[in-house]
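Input: a single structure, listed below in structure tokens.
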Amino acid sequence: LPASDSSAPLTVMGAGLVGSLLSLFLARRGHSVEVFERRADMRQGGAVEGRSINLALSDRGWRALEAVGIGDEIRQVAIPMYRRVMHDAQGNLSHQPYGQDNQAIYSVSRAGLNRTLLTLAEADPRVTLHFNQQLAGLDMRARQLELRDTTTGQERQQPFRRLFGTDGAFSAVRSALQKTERYNYSQSYLEYGYKELNIEPGPNGEWLLEKNALHIWPRGQYMMIALPNLDGSFNCTLFFPYEGKHSFAALQTPAQVQAFFEEVFPDIVPLMPELTDEYFRNPTGSLVTIRCFPWAFDDDVLLLGDASHAIVPFYGQGMNAGFEDCTVLDQLMERLGDDWHAIFTEFQQQRKPNADAIADLAVYNFEEMRDRVGDPRFLLQKKIESRIAAQFPGKWMPLYSQVTFSHTPYAEAWASGQLQERIMRRLMSHIQTEADYDQPEVQALVQQEMAQRG
Ligand code: FAD
């Protein structure tokens, strides 16, 4: 297919969260779109759930969903989480709001969201979905795909005009790019894995923990979190070292798992009747950061979502960042029309520093969640920070809010967050209680810091 043939369809490889959304954005710009997905159609039942069962959706993700007209539909099945609830080893709770009054992150079902996006894509006459089609090989120069039918094992060649690689962290499209000259690629695994577990609903489908919150059991070197589901259950994820005294390697029998949970997560064990079965049945997932560049090959191939920037899940931004990729690409299509070379070039220049920043932020937030959120000084610092934000509206936004509740590019958010952290450290050496914030000498320091910041 000649690249100049503007009537030929665009090709999207991978109909996960980002690919299915992207196909909608492309179709709404008037393009016909062919989407290929390795898995069976998840809407036909029986399909195994993918990784984590629910996800935290925040402002960047909402903006993209609203652009394709399904914000309201998803909002009806999303549970707002207004705060973190920390559970200590004695079962005592402490709370930390995520933002201002009504600001929340939202727990949504990964499969439910993906299904809704697929249904919407299928309803658009310009989109054609092909399931059980795995990309097995890619000749970028000849613009040929090698597709394997995963039900019959048969392979066939298929030409493409322009290919969007949204086939996730272990992208086959990216593998082909990696073989081009001077290609940059790195992958780095945490020494931690994750395991999904469940908290059952109460007898009448009620939530046995506070519903509108993200729960955290911070334990220094490891942690567990839980997000609510509509049926009253919670999905928990244990983030745990692979090796060491407290680790996956150290827990080999049901009795060891039970004893360990009773010791370190005592308040939650009674709500997890299936604990040991689930622990040994559910796989241990690994946690990888993948960076690569370039994301584009001429104006023929472009990577988006996890295929170009897989990050660890601790900021709840992987999908949100992938959805923001779609928003940015759409803005560029609006501005640059059919100049695909300019679109691909600007896209990767704009997005790469932001993808790198959110990758770093995600690792940083891991330390905060497993360790610092259990520390009273840290919680006091957060309270003081929200006092500053209230006192200087528009001049101070906590880092978490910039990442989660704004559309400020991630790299800018990260730089301003680091600057604010340095200011907080200086101020906190004069503050022992929340009331100290109102002391004249502390107020003078705050004024001075803000004046210097300009
Ligand atoms: P994927 O969702 O991986 O989709 C890729 C698709 O491509 C799949 O459907 C796959 O079957 C298909 N595919 C793969 N290879 C081929 C091939 N060769 N041929 C054809 N098709 C192929 N993000 C958040 O924003 N908030 C969260 O709270 C959050 N929590 C997370 C928790 C965990 C434990 C993990 C692991 C991730 C979490 N994420 C979260 C990140 C989020 O899951 C990813 O960023 C998101 O799924 C990326 O979407 P994607 O479409 O790029 O890739």
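The values are calculated or read from the model by the stated rules, or taken from the named source; none is laboratory data. Note that the structure is a prediction, hence the values are computed from the model and not measured. Positions of Cβ are generated from backbone atoms using ideal geometry, with glycine treated the same way; all protein chains shown enter the neighbour counts.
Go through region 337-375 and report how many residues are assigned to a helix (DSSP H, G or I) and among the charged types (D, E, K, R). Even if it seems obvious, please write down each step before you answer.
Narrowing region 337-375 to residues assigned to a helix (DSSP H, G or I): 340-370, 372-374.
From what is left, the residues that are among the charged types (D, E, K, R) are 346, 351-352, 356, 360, 367-368, 370, 372.
Residues in region 337-375 being assigned to a helix (DSSP H, G or I) and among the charged types (D, E, K, R): 9 in total.
For Glu49, indicate whether it is within 27 Å of Ala213 (Cα to Cα), assigned by TED's automatic domain parsing to the domain that holds Cys326, modelled with pLDDT under 95 and within 16 Å of the ligand (Cβ to nearest atom). Let's see the steps before the verdict.
Numbers: within 27 Å of Ala213 (Cα to Cα): yes; assigned by TED's automatic domain parsing to the domain that holds Cys326: yes; modelled with pLDDT under 95: yes; within 16 Å of the ligand (Cβ to nearest atom): yes.
So Glu49 fits the description; yes.
Of everything in region 231-287, what is among the small types (Gly, Ala, Ser) and surrounded by fewer than 18 Cβ atoms within 10 Å (Cβ to Cβ)? Give them in sequence order.
So the first thing to find is which residues in region 231-287 are among the small types (Gly, Ala, Ser), and the list is 232-233, 244, 247, 249-250, 255, 259, 285-286.
Within region 231-287, Gly232, Gly244, Ser247, Ala249, Ala250, Ala255, Ala259, Gly285, Ser286 qualify.
Grab the helices (runs of 4 or more DSSP H) fully contained in region 8-124, keeping just those with 2 or more residues being among the hydroxyl-bearing types (Ser, Thr, Tyr). Let's see the steps before the verdict.
Numbers: elements: 17-28, 59-67, 71-75, 110-123.
Output list reads 17-28, 110-123.
Provide a single number: the residues in region 263-311 that are farther than 30 Å from Ile343 by Cβ, within 13 Å of the ligand (Cβ to nearest atom) and among the aliphatic types (A, V, I, L, M). Can you show your working first?
Initial filter on region 263-311 (farther than 30 Å from Ile343 by Cβ): 263-287.
Those still in the list that are within 13 Å of the ligand (Cβ to nearest atom) too: 282-287.
If we keep only those that are among the aliphatic types (A, V, I, L, M) too, we end up with 287.
Going through region 263-311 one residue at a time, the tally reaches 1.
Run Arg174 past the list (1) basic (Lys, Arg); (2) within 15 Å of the ligand (Cβ to nearest atom); (3) in a loop (DSSP other than H, G, I, E, B) and report the number of the one that doesn't hold.
Single failed check for Arg174: (3).
Checking Gly374 against (1) at pLDDT 95 or above; (2) touching a strand residue (DSSP E or B) at 6+ places or on another chain (Cβ under 7 Å), only one condition comes out false. Which one?
Going through the list (1) at pLDDT 95 or above; (2) touching a strand residue (DSSP E or B) at 6+ places or on another chain (Cβ under 7 Å), Gly374 breaks only (1).
Where in region 391-454 are the helices (runs of 4 or more DSSP H), entirely inside, with at least 2 residues that are among the acidic types (Asp, Glu)?
Of the helices (runs of 4 or more DSSP H) lying wholly inside region 391-454, those with at least 2 residues that are among the acidic types (Asp, Glu) span 410-428, 440-453.
Can you confirm whether Phe314 is among the aromatic types (Phe, Trp, Tyr), more than 28 Å from Leu135 (Cα to Cα) and at pLDDT 95 or above? So that I can check it myself, show each step before the final result.
Details: among the aromatic types (Phe, Trp, Tyr): yes; more than 28 Å from Leu135 (Cα to Cα): yes; at pLDDT 95 or above: yes.
When the stated conditions are applied, Phe314 passes them.
For the condition of a type in the set (A, V, I, L, M, F, W, C), touching a residue at least 60 places away in the same chain (Cβ under 8 Å) and surrounded by fewer than 21 Cβ atoms within 10 Å (Cβ to Cβ), what is the one hit in Ile70, Ile74, Ile105, Ile53?
On the way: Ile70 fails: touching a residue at least 60 places away in the same chain (Cβ under 8 Å); Ile74 fails: touching a residue at least 60 places away in the same chain (Cβ under 8 Å); Ile105 fails: surrounded by fewer than 21 Cβ atoms within 10 Å (Cβ to Cβ).
Just one listed residue meets the conditions, Ile53.
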